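The structure under discussion appears below in the form of structure tokens.
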Amino acid sequence: MKLLTGQPSLLTGTPALPLDPKILDPVSSIWPEYPVINKYPGIATPLIGPASQPGVLIDAIPNAVCPGGANAVLNPLDGSCITQDVLGNPRWDAGNGKRNIGAIQNVQTPHLTLQGSGDASVDLGWNQPTGSLTGYKIIFHPFGNPSTQEVTIPSPTTLQNQVTGLTNGTQYCFIIHALTPTEGPDSNEVCATPFGPVGIPVVTAIPGVSQVELFWTEPSMGARPGPFSYFVTYRVKGQLEWVNGPGYLSGRITTIPGLTGGIEYEFGVFGQTDDGATPSELGTTTATPIKSCDVNSNGSVNKTDIGLINAARNTPASGASDLRDHNSDGVINLYDSRQCVLLCTKPLCAL
């Protein structure tokens with residue numbers, strides 16, 4: 001039971017009998033700095049009581065409500081719900097949906113849980129064992145490295161702590177001791193890997209005719225697994241809704257075609273790491289694509305388009321998207337005509 005559940009301090013013998021905990025810790029070799037011998041009192045008699053009482057039955061397996069829970073315990077004969085453990089206690093906790101593992105927790109040992117991890121930090125929580133306590137000691141080490149560090153919690157009612165100063169991308173394993181004031185036995189072990197935040201790329205835009213070319217810097221992955229997949233989005237500046245552009249890009253350059261020349265756009269880029277992490281915000285920039293001179297929208301710029309521009313010279317443009325107003329100054333004039341001649345599809349603007 002101890003090996004299967006990772007609970008080295010469970011007392012799995014008959015709960016009504018005194019038990020010698022010195023023979024119940026098969027993992028002392030994992031933590032050689034804290035030998036079992038002479039660390040515990042001579043005997044420890046587990047308390048029998050309600051499942052919610054600290055130090056009695058450990059709610060360790062989630063999603064165990066029956067019926068419906070993925071980890072519910074069922075009668076193998078008829079498939080009905082097993083609602084009580086061998087001690088007559090409720091098989092699952094109505095408050096958190098977890099079920100106990102059918103074993104008795106040493107009254108002097110907290111049950112350690114992982115609350116989360118962040119930038120160079122890991123958040124831990126535990127229950128308060130019975131007995132006269134003075135505090136707790138958290139002991140941790142990088143996975144595969146026997147050199148341990150300690151954090152002492154001086155209050156017996158403090159039931160959570162953030163361990164800081166860790167190296168992002170390195171897995172750490174933790175146990176906790178109750179202080180009575182001597183140290184109690186090892187708790188179960190939990191392991192976690194802290195990661196830093198995903199960085200925000202710096203985006204640069206180069207306008208083209210009815211398109212914009214984008215490229216960006218490679219942001220920090222926060223020691224997360226790579227490589228990055230990049231996603232691009234865009235919108236007319238001032239609008240609320242983004243339009244999804246190219247996605248799952250491995251490179252850091254792309255082109256957004258089919259834009260309306262003369263209209264300012266906003267472009268956003270973000271990277272996603274291999275474990276699905278993304279930054280808190282987009283890397284953004286703005287650009288205004290160059291207008292096409294294909295006034296009649298036939299797919300080429302030629303004498304016909306130049307003629308339409310010249311025919312409207314010195315008149316106001318119909319709006320920001322008027323292709324005759326190539327420089328978007330609001331007036332169709334000779335400058336627009338000359339610029340569009342340079343963009344003709346064929347030499348001499350042939351048809």
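Hydrodynamic estimate: the Kirkwood radius of segment 303-349 over Cα pairs, inserted into Stokes-Einstein at 4 °C and 1.567 mPa s, corresponds to D of 124 µm²/s. As a proxy for reagent exposure, ranking ARG252, ARG313 by other Cβ atoms within 10 Å from fewest up yields ARG313, ARG252. Counted by neighbouring Cβ atoms within 10 Å, the residues SER80, SER300 run from fewest to most as SER80, SER300. Taking a straight Cα-Cα cut-off under 12 Å and skipping sequence neighbours fewer than 8 places away in the same chain, the aspartates and glutamates within cross-link reach of LYS137 are GLU150, GLU183, ASP186.
The THR304 and ILE263 beta-carbon pair, evaluated with R₀ = 35 Å, returns a calculated FRET efficiency of approximately 0.90. As a proxy for reagent exposure, ASP325, ASP78, ASP274 were ordered by neighbouring Cβ count within 10 angstrom, fewest first; the result is ASP78, ASP274, ASP325. In this rough spin-label picture, where each label sits 7 Å from Cα along the Cβ direction, the CYS66-THR315 distance is 8.4 nm. Loop-resident chymotrypsin sites (Phe, Trp or Tyr not before Pro) (DSSP state other than H, G, I, E or B) in segment 194-260 with no more than 10 further Cβ atoms inside 10 Å of their Cβ: TYR248. Each principal axis of the Cα atoms in segment 203-287 has its own extent, and those three values, largest first, are 42, 24, 16 angstrom.
If the chain linking ARG338 and THR148 were pulled fully straight, counting 0.36 nm for each residue of separation and taking away their Cα-Cα distance, it would gain 60.9 nm.
Rule-based calculations on the coordinates, nothing more; no lab input. What you are looking at is a predicted structure, and each value in this text was computed from that prediction instead of being measured. Neighbour counts run over all protein chains shown; Cβ positions are idealised from the backbone, glycine included.
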